[in-house]
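K.L.:
Just passing along the structure, written as structure tokens.
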Amino acid sequence: MRYLCGPQPGDLSGLDVDELAALNAIGRQRALAPGESLIWEAEDSVLVANVIDGVLKLSSNTEDGREQIVGVVYPADFIGRPFGGANSHGVTALTDARVCLFNRRDFTAFAAAHPQLEHKLLERTLGELDCTRRWMLLLGRKSASEKIASFLLETRDRLNAPKGCEFRFEDGPETIELPFSRQQIADILGLTIETVSRQFTRLKDAGIVDLPSRREVRILDSAALEAEAG
């Protein structure tokens, strides 16, 4: 299973101005509406992309036809398999989104000619492995309350200042506009929708969060939420 917070950001800081211009020349921007798919599961990987704005989900279909959300990507995240193979999941926009698309062969050729970009891709892969292990711990060992708290903190940090899977806890109220329904949160965390709703209500009753609407969560006590996350 892929981890929640998605791949490491596509940091291209190692490229100089001319190299960035050359990379931009082989890419094109595309806007996606909520529910619009970018990549389909099991198809050959012909595209890679960097997320500019918005949030997208990574999902796979189970044998009985159900969708399983296996990851989420945020602005600056990288999508796709640069060095080929079939896609192990589909990619669909959860919100209005913009991505920069590259033909996989063009991108792979560019990376081969620019070792610093290959190094960044290796860093991304290693970061993804670390986050996958972290996510396995979340799904396999944490209680329902710890899962919900960890999910809220990670979503807040990824939406506000994406930096891989690093969690940053800050003081003061902060509102999260969740790009997920309660059912999607349940699917991501391996819980039932009833359990998710109970945990949100419990956090509200404890004064840790407020719930202005079904998609909004206002964090009132970051320290308490961090303690809930274990």
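The values are calculated or read from the model by the stated rules, or taken from the named source; none is laboratory data. All figures in this text were calculated on a predicted structure; none of them were measured in a lab. Counting neighbours? That spans all protein chains shown, and the Cβs are built from the backbone with ideal geometry, glycine included.
K.L.:
Tell me yes or no: at least one residue of the stretch 108-125 is in a loop (DSSP other than H, G, I, E, B) and of a type in the set (D, E, K, R).
P.N.:
No: zero hits.
K.L.:
Further question: Could you say whether any residue in the stretch 151-161 is at pLDDT below 80, part of a loop (DSSP other than H, G, I, E, B) and in the same structural domain as Arg182 (by TED's automatic domain parsing)?
P.N.:
Looking through the stretch 151-161, at least one residue is at pLDDT below 80, part of a loop (DSSP other than H, G, I, E, B) and in the same structural domain as Arg182 (by TED's automatic domain parsing).
K.L.:
So, one more: Has the stretch 207-219 got any residue that is touching a residue at least 60 places away in the same chain (Cβ under 8 Å), among the hydrophobic types (A, V, I, L, M, F, W, C), in a helix (DSSP H, G or I) and at negative phi?
P.N.:
no
K.L.:
Same structure again: Out of (1) out of contact with any strand residue (DSSP E or B) (no Cβ under 8 Å at 6 or more places or on another chain); (2) surrounded by fewer than 17 Cβ atoms within 10 Å (Cβ to Cβ); (3) free of Cβ contacts under 8 Å to residues at least 12 places away in the same chain, the odd one out for Gly230 is which?
P.N.:
(3)
K.L.:
For the stretch 93-120, what are the residues that are over 17 Å from Arg81 (Cα atoms), among the hydrophobic types (A, V, I, L, M, F, W, C) and touching a Leu at 6+ places or on another chain (Cβ under 8 Å)?
P.N.:
Ala93, Leu94, Ala97
K.L.:
Need the failing condition index for Arg30 against (1) under 30 Å from Gln183 (Cβ atoms); (2) part of a helix (DSSP H, G or I), just the number.
P.N.:
(2)
K.L.:
Also, I was wondering about something else. I'd like to verify a number: residues in the stretch 184-206 that are surrounded by 13 or more Cβ atoms within 10 Å (Cβ to Cβ) and either in contact with a strand residue (DSSP E or B) (Cβ under 6 Å, 6 or more places away or on another chain) or assigned to a helix (DSSP H, G or I) (or both), how many?
P.N.:
Within the stretch 184-206, residues that are surrounded by 13 or more Cβ atoms within 10 Å (Cβ to Cβ) and either in contact with a strand residue (DSSP E or B) (Cβ under 6 Å, 6 or more places away or on another chain) or assigned to a helix (DSSP H, G or I) (or both) number 16.
K.L.:
For the stretch 17-36, which positions are among the small types (Gly, Ala, Ser), touching a strand residue (DSSP E or B) at 6+ places or on another chain (Cβ under 8 Å) and loosely packed, with under 14 Cβ neighbours inside 10 Å?
P.N.:
Selection gives Ala31, Ala33, Gly35.
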